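Okay, so here's the structure we're looking at.
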């Protein structure tokens with residue numbers, strides 16, 4: 001397993017933007033796991049929206065949001081051009097923050113969202129895959145980052161900061177309508 | 001759902017995952033025969049879904065329909081997409097992808113069995 005591919009070993013061509021591919025080699029597996037999680041999240045949120053949204057609007061909105069983010073991250077990692085790389089940094093970073101924030105909130109107050117979400121208990125219901133995956137994703141984006149001085153893609157995950165799930169889903173501001 | 005069919009599907013998933021894992025060890029990419037194997041697994045899942053649908057109607061088996069068919073849809077979608085995605089890769093990661101997909105379908109099928117018995 002020493003050869004992680006993704007252009008790191010020089011066996012795959014670089015993308016047009018000078019970056020190395022995020023969807024080949026080890027990235028092929030990463031995109032697969034992201035895709036499976038995306039399908040799981042889509043399935044979960046469609047089921048929740050269709051059958052019981054009014055029971056826990058915050059939890060189920062959060063499920064839908066996470067589903068959208070997983071889909072975006074999957075596509076971005078699979079495509080991997082300079083622009084998609086930015087999308088990947090933002091969405092994967094958002095997931096890392098999301099699972100930590102929601103996981104911490106659910107640990108402090110288990111029923112804070114009224115119902116469990118993909119990210120409750122740090123992704124416990126999904127074998128902690130939602131916890132591990134974004135950090136593997138960030139590592140992979142870093143590992144395959146483009147070299148050179150004038151690359152469009154940011155080399156750090158800082159741009160993800162503003163997308164932290166505060167506001168409507170903030171655990172610090174419990175919605176009286178929940179429960 | 002019927003138990004013998006569940007066992008057949010789980011064994012088929014395990015066999016496909018094992019075959020792909022053996023290829024990982026050998027540092028080989030997915031071959032056409034494995035895609036045919038994946039198609040067989042897919043066909044078994046379809047048969048299982050049809051049998052479940054028939055049982056639901058004829059025996060009036062109580063089940064959380066949206067949840068059950070949601071899982072069926074996911075189980076049916078995973079393997080074809082993963083197989084194409086794996087086949088496009090010509091390194092051992094190709095085989096890792098197929099193995100993961102096969103295990104996922106096996107897991108989803110196990111969840112189907114639980115959902116079937118839960119209602």
Gyration tensor (Cα) of region A:26-157, equivalent ellipsoid semi-axes in angstrom: 29, 15, 12
Rounded tilt (10° steps) of B:65-87 against the dominant C-alpha axis of chain B: 10 degrees
For a quick check: sort B:27, B:109, A:111 by the number of other beta carbons within 10 angstrom, fewest at the front. B:27, A:111, B:109
Run the numbers on region A:26-157 and let me know its relative contact order in percent, using alpha-carbon pairs under 8 Å that are six or more apart. 25 percent
Does chain B come out rounded, prolate or oblate, given a ≥ b ≥ c as the square roots of the eigenvalues of its C-alpha gyration tensor, rounded meaning a/c under 1.5 and, failing that, prolate meaning a/b above b/c? prolate
When only C-alpha pairs under 8 Å and at least 6 residues apart count, what is the relative contact order of region B:3-118, in percent? 44 percent
FRET efficiency for residue A:142 and residue A:108, using Cβ-Cβ distance with R0 set to 22 Å, rounded to 0.05: 0.10
Order of A:141, B:44 - criterion: other Cβ atoms within 10 Å of each residue's Cβ, fewest first: B:44, A:141
FRET efficiency, 1/(1 + (r/R0)^6) with R0 25 Å, evaluated for residue B:81 and residue B:50 via beta carbons: 0.70
Taking the Cβ of each residue in A:48, A:55, A:115, A:95 as the centre, tally the other Cβ atoms inside 10 Å and list the residues starting with the fewest. A:55, A:115, A:48, A:95
Taking 0.36 nm per residue of sequence separation and subtracting the Cα-Cα distance, how much length would be gained by fully extending the chain between residue B:61 and residue B:110, in nm to one decimal? 15.8 nm
Length gain on complete extension for the stretch residue A:49 to residue A:68, per 0.36 nm per residue less the alpha carbon to alpha carbon distance? 5.5 nm
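Laboratory data are not the source of any read-out in this text; all were calculated from the coordinates shown. What you are looking at is a predicted structure, and each value in this text was computed from that prediction instead of being measured. In this analysis, Cβ positions are derived from the backbone assuming ideal geometry, glycine residues included, and neighbour counts consider all displayed protein chains.
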